[in-house]
Amino acid sequence: MVTFFVTTVAVIVGLILVVNYQVSENFNSYLYMSGMHGMMMNHGKMTSMMGSPEKQFMISLKQSLLLAAGGMLLIGAGVSYYLARNIATPVIDLNRAVNAVAAGNLDATVSVERQDEVGQLAMAFNAMTVKLKSNTVLRQRFLAGIAHELRTPLTILKANLEGIADGVITPNVEQMSSLTEEVDRLTKLVGELRDLSLLEAGQLQAEFALLDIAQLLREIVGKSKPLASEKCISLRIKTDDRLPLIWADGDMVNQMVYNLVLNAIKYTPDGGQISVRATAENDMIKIAVTDTGIGIAVEDLEHVFDYFYRVDPARTKASGGTGLGLALVKQMALAHGGKVKAESTLGQGSTFIVLLPIDLH
């Protein structure tokens, strides 16, 4: 505000000086044209040669300039205050919100009542807090998921090893097999966590090569059929007759589709059906795994690719999953420049779709 006001004062003072100078010059010309110029030059003072009308004119002029300057200063002060308040108020509100977020209040927002640069800054801040809150929730869920997944196998291993050491448990083939399964579960979890962290950091580079996606899908379905047969699930595959070769990492695509098929088998009841389809759409290959399983509620659908997110926590133990399979699918698809999505109707089944670019060159 002070800056605006000082600028206004400087402009007004400059304007008064210019006006006063111009009027003096014009008045000097007036005296000259009135025949007073010679007398003024002889006596050296213009005011001493002025008559009453001229003196009254100069007094009126100075009063008018002072009144005009005073009015302009008042207007300048008002405008300065308005502009300063108009800019400073939202910045102060934004500063308070920033301090609130820094103190841990992720619900802090700034009201957006304008569309200028300050309004855009407020909208960007609100978007940032929403994203920050979402990431915080995901991080908390991630840590809770890791703790949960590690606790169970470690507890089992510790209890059994202590029992063997105390002589309470006699190790046998069945006992060692059970302990080996828990170790395998931990190994799988650690491996998936490692892959996820490397994928997100961009440090796990895909090894691209020409890939026959139809042949790959037939291999995945072939090795998955024994698991599906245990639940009397019909597992079918359908691809376009002339499906083009794609430029992709075969191991990653294999893991993506295999994870989706295993997920479908886990959540499809006995006697259900699962289909794996591959079609070419424009410059993308669409791989869809459809099941007749339990389905996913609308509120859960947007979270199914999050870490450790399970639609049915009660079936976690039975499914034997780590809760990272779909998260891996998403990150691997992103590493290919593709994307994933899920469609579902509760109680009728789900479709998980992977879209991969045909050519990344």
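The values are calculated or read from the model by the stated rules, or taken from the named source; none is laboratory data. These numbers were taken from a predicted model, which means no experiment stands behind them. Heads up, the Cβs are rebuilt from the backbone with ideal geometry, glycines too, and the neighbour counts pull from every protein chain shown. In case anyone asks, the SASA skips ligands and DNA or RNA and just uses the protein heavy atoms, side chains included. Shrake-Rupley method; radii C 1.70, N 1.55, O 1.52, S 1.80 Å.
For the chain, the relative contact order comes to 12 percent (Cα pairs under 8 Å, sequence separation of at least 6).
Backbone phi angles across the stretch 159-172, fed through the Karplus curve with coefficients 6.51, -1.76 and 1.60 (θ = phi - 60°), yield HN-Hα couplings of 4, 5, 5, 5, x, 5, 5, 7, x, 6, 10, 9, x, 9 Hz in residue order; Gly and Pro are listed as x. Heavy atoms of the protein chains alone define the surface here; on that basis the stretch 208-361 has 48 Å² accessible area per residue at 1.4 Å probe size. Largest GNM mean-square fluctuation among E207, E162, E192, using the chain with Cα springs under 10 Å: E162. Solvent-accessible surface of the stretch 54-151, taken per residue with a 1.4 Å probe and all protein chains present: 67 Å².
Within the stretch 108-156, report the trypsin sites (Lys or Arg not before Pro) that DSSP leaves as loop and that have at most 16 other Cβ atoms within 10 Å.
Passing sites in the stretch 108-156 are R114.
For the residues T351, T7, T170, T268, a 1.4 Å probe over the protein chains yields an accessible-area ranking, largest first, of T170, T7, T351, T268. Only aspartates and glutamates eight or more places from K238 in sequence, or on another chain, were considered; those with a Cα closer than 17 Å are D212, E219, E281, D291. Of the whole protein surface, K286 contributes about 50 Å² of accessible area at a 1.4 Å probe radius. Of interest is the spacing of the C-alpha centroids, which for the stretch 147-182 and the stretch 230-304 amounts to 35 Å. For the chain, with all protein chains in place and a probe radius of 1.4 Å, 59% of the accessible heavy-atom surface sits on carbon or sulfur.
Taking the chain as a Gaussian network of alpha-carbon nodes connected by springs under 10 Å, the highest mean-square fluctuation of the residues S60, S350, S197 belongs to S60. When the chain is treated as a GNM with alpha-carbon contacts under 10 Å, the residue of L204, L326, L83 showing the greatest mean-square fluctuation is L83. Determine the shape class of the chain: with a ≥ b ≥ c the square roots of the Cα gyration tensor eigenvalues, call it rounded for a/c under 1.5, and otherwise prolate if a/b is greater than b/c, oblate otherwise. The shape class here is prolate.
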